[in-house]
Amino acid sequence: MKRKLALAATALLAATTLAACAPAESATTESGFPAEIVIGAIPNENSADLTGTYEPLIQMLEAETGAEVKLQQASDYAGIVEGLIADRVDIAFLGPFSYVIATTNEADIKPLGALAGKKGEASGYYSLGITQGGNDEVTSLADFSGKDTCFVDPGSTSGFLYPSAGLIEEGVIASGKESDVSAALKPIYAGGHDASALAVKNGDCEVGFSMQSMIEVTLPGSGELAEGDLKSVWTSEMIPGSVFAVRNSLGEETTAKLTELFTEKANADYFESQGYCTDEDCLITGEHAWGVVPATDKDYDGIRSVCTSTKSEKCQS
């Protein structure tokens, strides 16, 4: 039976709460790691509760480092970023946009590695611009002008930020500011990639945006989308994947060792070989990914460029 993970309440995890849970900085294991390692993570639309989805990763880290590894769960990234800045979260799992925002808000962090959905795949994904399969009047982003348009959320990388860049390039909107979006379109914020895609299918939005895997894998797999229900009229450039980031104040030697552990042993194949899990239970995080592959801060420069071009208020928050 899986042991119970150390989870915070599902409400917003404040920096003060993280501070109260923090270990003494001087306590270390025989291997030189902190005696306690705190991982901060945020649920996504695929997982409201992260219990279990980090279990094999935590087992691996405890076996390799000798540390007690705790998972702190929050309702959004703000408390986790504050925890990183205050040296009270050691490792954070962040979406690509959240990672960039963290680095622009004085979080001294760097990637340990990024998620790859399947073995052998690069870390990264795409946003699609969509409409109903039989809508012959929409063939490109230029045709989105003035239409009821489903976005995921103003803070979503693939559900708002990258689509905004595409709409700017097509001359549909002036910037990614919500006021400019509202002036050119009739935006509807669906709240999730699944909700955005299904709203377009059902005609609640004439056009919209969602991540590619939601449209091509997840919803067809659940029977909620059939072939021909939707068509794609735009594909974004590749968006870098979600990332495990470590605070640099742990020290260069420790962060180097953690980077090696994440990129070599934080994957479903290794977890299963060690008996930490079996089959689908070995897929980690709310994204149910195969594992972690190497990543650098430079990999996220594309998001920084999109932030500059869109002038999105969320890039400054």
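The values are calculated or read from the model by the stated rules, or taken from the named source; none is laboratory data. As the structure is a prediction and not an experimental result, all values here were calculated from the model. Note: ideal-geometry Cβ built from the backbone for every residue, glycine included; neighbour counts use all protein chains shown.
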Just one listed residue, out of LYS110, LYS118, is assigned by TED's automatic domain parsing to the domain that holds GLU287, at pLDDT 95 or above and either of a type in the set (Lys, Arg) or on the phi > 0 side of the Ramachandran plot (or both), and it is LYS110
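Just to verify a result, which residue in the stretch 273-287, among those that are in contact (Cβ under 8 Å) with a residue 40 or more places away in the chain and among the acidic types (Asp, Glu), is farthest from ALA114 (Cα to Cα)? Break it down stepwise before answering.
Within the stretch 273-287, the first condition is being in contact (Cβ under 8 Å) with a residue 40 or more places away in the chain, and the residues that meet it are 274, 276-277, 281-287.
Retained after the next criterion (residues that are among the acidic types (Asp, Glu)): 281, 287.
Working: ASP281: 19, GLU287: 12 Å.
Going through the qualifying residues, I end up with ASP281.
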Say we look at the stretch 58-99 and pick out the residues that are of a type in the set (S, T, N, Q) and outside any loop (DSSP other than H, G, I, E, B); which of these is nearest to ALA268 (Cα to Cα)? GLN59
With the requirement that a residue be of a type in the set (S, T, N, Q) and part of a loop (DSSP other than H, G, I, E, B), what does the stretch 167-182 give you? SER175
Would you mind stating whether THR103 is in a loop (DSSP other than H, G, I, E, B) and in contact (Cβ under 8 Å) with a residue 24 or more places away in the chain? no
Taking the residues in the stretch 185-197 that are within 17 Å of THR131 (Cβ to Cβ) and among the small types (Gly, Ala, Ser) as candidates, determine which candidate is surrounded by the fewest Cβ atoms within 10 Å (Cβ to Cβ). ALA195
All but one of (1) of a type outside the set (Ser, Thr, Tyr); (2) in contact (Cβ under 8 Å) with a residue 40 or more places away in the chain; (3) under 27 Å from VAL100 (Cβ atoms) hold for LYS231, so report the exception by its number. (3)
Quick check on LEU112: is it among the hydrophobic types (A, V, I, L, M, F, W, C), touching a Leu at 6+ places or on another chain (Cβ under 7 Å) and in contact (Cβ under 8 Å) with a residue 60 or more places away in the chain? yes
Could you check the stretch 249-282 and list, in sequence order, the residues that are in contact with a strand residue (DSSP E or B) (Cβ under 6 Å, 6 or more places away or on another chain) and either modelled with pLDDT under 95 or polar (S, T, N, Q) (or both)? THR255, THR259, THR263, ASN267
Lone unmet requirement of (1) over 22 Å from THR218 (Cβ atoms); (2) touching a Ser or Thr at 6+ places or on another chain (Cβ under 8 Å); (3) small (Gly, Ala, Ser); (4) assigned to a helix (DSSP H, G or I) for GLY159: (1)
Output the residues belonging to the stretch 268-293 that are more than 16 Å from the chain's Cα centre (by Cα), over 14 Å from GLU64 (Cα atoms) and not small (Gly, Ala, Ser). ASP269, GLU272, CYS277, THR278, ASP279, GLU280, ASP281, CYS282
Would you check if there is a residue in the stretch 84-101 being closer than 29 Å to SER31 by Cβ and at pLDDT below 85? no
